[in-house]
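Below is one structure, written out as structure tokens; comments come after it.
The values are calculated or read from the model by the stated rules, or taken from the named source; none is laboratory data. This one's a predicted model, so the numbers in the text were calculated from it and none came from an experiment. Here the Cβ positions follow ideal geometry from the backbone for every residue, glycine too, while neighbour counts run over all protein chains shown. The accessibility values were calculated without ligands, DNA or RNA, using every heavy atom of the protein model including side chains. Shrake-Rupley method; radii C 1.70, N 1.55, O 1.52, S 1.80 Å.
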Amino acid sequence: MHRRDFLASAALAASAGLARASHAQGYSDPPNRPSGTPRTVPASRLALLAAGVNLSHWLWLPKEQNADDRWKFIKREELDALRAAGLSHVRLPLDPASLWDREAKALRPGAWGEAQYAIDLCLAANLAVVLDIHPRGGQSKWIMPDDATGATQHLEALWTALAPRCTQWDAEKVFLEIMNEPHEIKEPGAWAIAQQRVASIIRDHCPNHTIIATGDEWGGVGGLKKLDPLDDGNVVYSFHFYEPMTFTHQGATWGWEGWKNLRNVPYPCTTQQAKDVAKTIDDEKGRKGLIGEHSDKEEAKQKFDGWNRDHIAARIDEAAAWSRHNARKGEALPLYCGEFGAIKEFAPQESRLAWLKDVAAVCREKKIGWAMWDYCGGFAMSEEKDGKKALDAQVLRAALKR
Ligand code: BGC
């Protein structure tokens, strides 16, 4: 993951060639919509997206390098524990570079076998599944659209192979997420076109499954606000929430260089607290980023005034406003916060719990389902105990508190 909204590129202009959904005046169903396709996302499915976790490091950036160990990496009892703790779904990131053989233009049977096994295991534990095509940050250019037509050869070919195989799963329980965090796409609007193209491929085979779509610019709120919704009512719109990144990504060794030297950044955080912490940071980029003065930072132009629950609510409300503005038949478009989390090793524990609690609560208030990032990586919902993964009760309490 890189800079997301933090260093958001200049505003994307409206795309040439994109048949803009005329949301302001209502919408029309695609003429070839297969009969039986839900016109909206059924409420039962939205309920399943209420609370979840990202099962990263199983098949995406796997902790186990050999297949035999991967089969055993997440066990049924762990999934049962997630369900018993109150989660209703998991988001399962799949690395397209492992899944898709570009030369042969075919799914790799081994990787696909593992994905099917993982999905079935989660379903057996009564957890709904978001199948998420999740390129590795920094190695994902090959799958992004590279011109204004939005053509993305490999993503389209992958979904052409994948979609007919997804019919094996109940549309009530398996959601299809086109691609995680599109980014660094040069042509303004190309992602919206690409996403519509892939959605049409999915629809040819999966008339009933709910598609999860997202905006450009690392899938953040900023990218969502610039997205034209798909011409399809059975879609949930995802955004990822890591704001402020100087808090959630303090200590991160990837992405923006300023994060790696940040320490002790609290949440909530007043302007004065941020200034005080900044004095202790021995790195100009990090220091300036923290108090909103970094030259690259979009929000630097605005006055930094700290972070608290009201800021989070206001930002998530921008996504909610977009969903209301693009309402279909008077119904706001359904939203899903597919990732949120803060690095466990560096974010002060009390602050991390407070932030997780606030983001989850704001989402709940706005009827937005969520999936925490992640289960057993750097942002963990679990901890290692006696060689096993055990759920972190404090984290669960913070996120699930009703
Ligand atoms: C990225 C990960 C990253 C996480 C938090 C995910 O979408 O794919 O690489 O660790 O976001 O930054």
Exercise. At q = 0.08 Å⁻¹, what is the log10 ratio I(q)/I(0) for the chain, with the Debye formula run over Cα points and no solvent?
Worked result: -0.40
Exercise. Cross-link partners among lysines for LYS260, C-alpha distance below 20 Å, same-chain residues fewer than 8 apart left out?
Worked result: LYS275, LYS279, LYS285, LYS288, LYS297, LYS344
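Roughly how compact is the stretch 40-165, stated as its Cα Rg over 2.2 N^0.38 Å to two decimals? Write down the numbers at each step before the final one.
Values: Rg = 15.6 Å, N = 126, 2.2 N^0.38 = 13.8 Å.
Ratio of Cα Rg to 2.2 N^0.38 Å: 1.13.
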Seminar exercise, completed: Cα-based Rg and Dmax for the stretch 269-402, in Å, come out at 17.3, 54
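Could you tell me the calculated FRET efficiency between LYS401 and ASP80, based on Cβ-Cβ distance and R0 = 25 angstrom, to the nearest 0.05? Numbers along the way, then the final one.
Details: r = 22 Å, r/R0 = 0.88.
Once the sixth-power term is evaluated, E becomes 0.70.
When ligands, DNA and RNA are left out and all protein chains stay put, how many square angstrom of accessible area per residue does the stretch 65-192 have with a 1.4 Å probe? Mind dumping the intermediate values first?
On the way: 5100 Å² over 128 residues.
On a per-residue basis, the stretch 65-192 sits at 40 Å².
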Problem set entry | Label point at GLU184 placed 7 Å out along Cα→Cβ; residues across the stretch 199-218 whose backbone nitrogen lies under 19 Å | 215-218
For this session: Kindly report the accessible area of the stretch 348-402 per residue (heavy atoms of protein chains, probe 1.4 Å, no ligands, DNA or RNA), in Å².
Result: 45 Å²
Problem set entry | Alpha carbon centroid spacing (whole Å) that separates the stretch 251-265 from the stretch 189-220 | 32 Å
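Per the Kirkwood formula on distinct C-alpha pairs, the Rh of the stretch 190-301 is how many angstrom? Each step should come with its number before you reach the end.
Working: mean 1/r = 0.0614 Å⁻¹.
Taking the inverse mean of 1/r over all distinct Cα pairs, the stretch 190-301 comes out at 16.3 Å.
Using alpha-carbon pairs under 8 Å, 6+ residues apart, how would you state the relative contact order of the chain in percent?
Working: 762 pairs, mean separation 78.6, N = 402.
The normalised contact order for the chain reaches 20 percent.
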Exercise. Taking a point 7 angstrom from the Cα of THR160 along the C-beta vector, which residues in the stretch 83-106 have backbone N less than 16 Å away?
Worked result: 100-106
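Carbon and sulfur: what percent of the stretch 173-254's accessible surface (1.4 Å probe)?
Details: 920 of 1870 Å².
Answer for the stretch 173-254: carbon and sulfur cover 49 percent of the accessible area.
Run through the DSSP bridge list for the chain and note the antiparallel percent, rounded to the nearest 5. Could you put the intermediate results ahead of the total?
Numbers: 8 of 37 bridges.
Close to 20 percent.
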For this session: Treat each spin label as a single point 7 Å out from the Cα along the C-beta direction, and report the GLN273 to ALA151 distance in nm.
Result: 5.2 nm
Problem set entry | Residue (of GLY86, LEU99, PHE73) at the positive-pole extreme of the stretch 60-101, dipole from beta-carbon charges | GLY86
